[in-house]
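S.K.: First the structure, then my questions, so here it is.
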Amino acid sequence: AASGWYATACSIAGNRLGDIASTRRNAVMILGFMSATEEDLDLIGSAFTVPRIIVFAGHMIDRPGRAFPRFPPGLEPGARDELRKRLGGHDRVIGFSSAACGADILFLEQLGEMGAETHVVLPFEEQQFIEESVVYAQDGAWVPRFRRVMERARTITIASPCKTDDTGLAFEYSNMILLGLAMMKRRELEGSILAMALWDGLPGDGFGG
């Protein structure tokens, strides 16, 4: 009976994953004071949907004139469909990503369609990031998309507020923060974590790539 009521409560809670996690912890605590069996624990545990924390990275859309194509604009529809398929296999998702044109924005857009919670980490202030990683593609057509995913992000973390010429180091530092925040969220919600990348399988162009 308790398992059924917990399942109903989780259904009503929707995406209030923090409330679900705290309720689950309290349920486990109650069972700890009872003569609970492993079967009891499994039964109560099955009432709670454990969120999947996804930390994401991927290639930017190729700059005009790139010598060796990696993610040309023509591959965008196929990449979007593949992300939709893979993300659609999870009930409750929380996403952590940067927001460069290409894979990052596609990932954040798909989570937006799902109504999922998103968290964005930028290596430096927004204007420099737009200049470095957004505006060059397709005559700036990605900039409005960037602004939309930023507007719906639950949190935006700037790794360093200082303008920097060493962008590779800044991106590497940002990646470390991105992973650390995702791991902290997994611990907070007692969910599972998944690293996902849209990647051609070859080394990146430089440090932090």
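The values are calculated or read from the model by the stated rules, or taken from the named source; none is laboratory data. Since this is a predicted model, take the numbers as computed values, not measurements. Cβ coordinates were reconstructed from backbone atoms using ideal geometry, including for glycine residues, and neighbour counts include every protein chain displayed. Surface areas here come from the heavy atoms of the whole protein model, side chains and all, with no ligands, DNA or RNA. Shrake-Rupley method; radii C 1.70, N 1.55, O 1.52, S 1.80 Å.
S.K.: Which pairs do you get when a residue that is over 22 Å from Gly115 (Cα atoms) and modelled with pLDDT of 85 or more, found in region 7-36, comes within reach of a residue that is among the charged types (D, E, K, R) and open to solvent by less than 80 Å² (accessible area, probe 1.4 Å), reach meaning Cβ atoms under 9 angstrom, with the pair 6+ apart or on two chains?
M.R.: The qualifying pairs are Arg24/Glu190; Arg25/Glu190; Leu31/Asp40; Met34/Asp40.
S.K.: I've got another one for you. Can you pull out every residue in region 38-51 that is open to solvent by less than 70 Å² (accessible area, probe 1.4 Å) and without any contact (Cβ under 8 Å) to a residue 40 or more places away in the chain?
M.R.: The answer is Asp40, Leu41, Gly45.
S.K.: Do you know which residues across region 173-209 are more than 30 Å from Val50 (Cα to Cα) and either at pLDDT 95 or above or touching a Pro at 6+ places or on another chain (Cβ under 9 Å) (or both)?
M.R.: The answer is Gly208, Gly209.
S.K.: Does Arg63 fit the bill of being outside any helix (DSSP H, G or I) and either open to solvent by 80 Å² or more (accessible area, probe 1.4 Å) or among the charged types (D, E, K, R) (or both)?
M.R.: So Arg63 fits the description; yes.
S.K.: Could I ask something else about it? Would region 157-164 turn up any residue that is basic (Lys, Arg) and over 13 Å from the mean Cα position of the chain (by Cα)?
M.R.: yes
S.K.: Next question. Kindly list, by first and then second residue, each pair from a residue in region 175-201 that is closer than 23 Å to Phe71 by Cβ to a residue that is basic (Lys, Arg), limited to pairs with Cβ atoms under 9 Å and residues at least 6 apart or on different chains.
M.R.: These pairs meet every condition: Leu194/Arg52; Met196/Arg86; Asp200/Arg70.
S.K.: Restricted to region 66-97, and to residues that are part of a loop (DSSP other than H, G, I, E, B) and closer than 26 Å to Glu172 by Cβ, which residue is most open to solvent (accessible area, probe 1.4 Å)?
M.R.: Here the residue is Phe68.
S.K.: Among the strands (runs of 3 or more DSSP E) contained in region 99-209, which hold 1 or more residues that are open to solvent by less than 80 Å² (accessible area, probe 1.4 Å), on the phi < 0 side of the Ramachandran plot and of a type in the set (Gly, Ala, Ser)?
M.R.: Output list reads 192-198.
S.K.: May I pose another question? Can you name the number of the only condition in (1) under 19 Å from the mean Cα position of the chain (by Cα); (2) closer than 22 Å to Ile177 by Cβ that Asp81 fails?
M.R.: The one condition Asp81 does not meet is (2).
S.K.: Let me ask something additional. Assess whether Ile105 counts as being over 22 Å from Leu202 (Cβ atoms) and either of a type in the set (Phe, Trp, Tyr) or within 20 Å of the chain's Cα centre (by Cα) (or both).
M.R.: no
S.K.: Filtering region 6-21 down to residues that are among the small types (Gly, Ala, Ser) and under 15 Å from Ser46 (Cα atoms), which residue is most open to solvent (accessible area, probe 1.4 Å)?
M.R.: The qualifying residue most open to solvent (accessible area, probe 1.4 Å) is Ser11.
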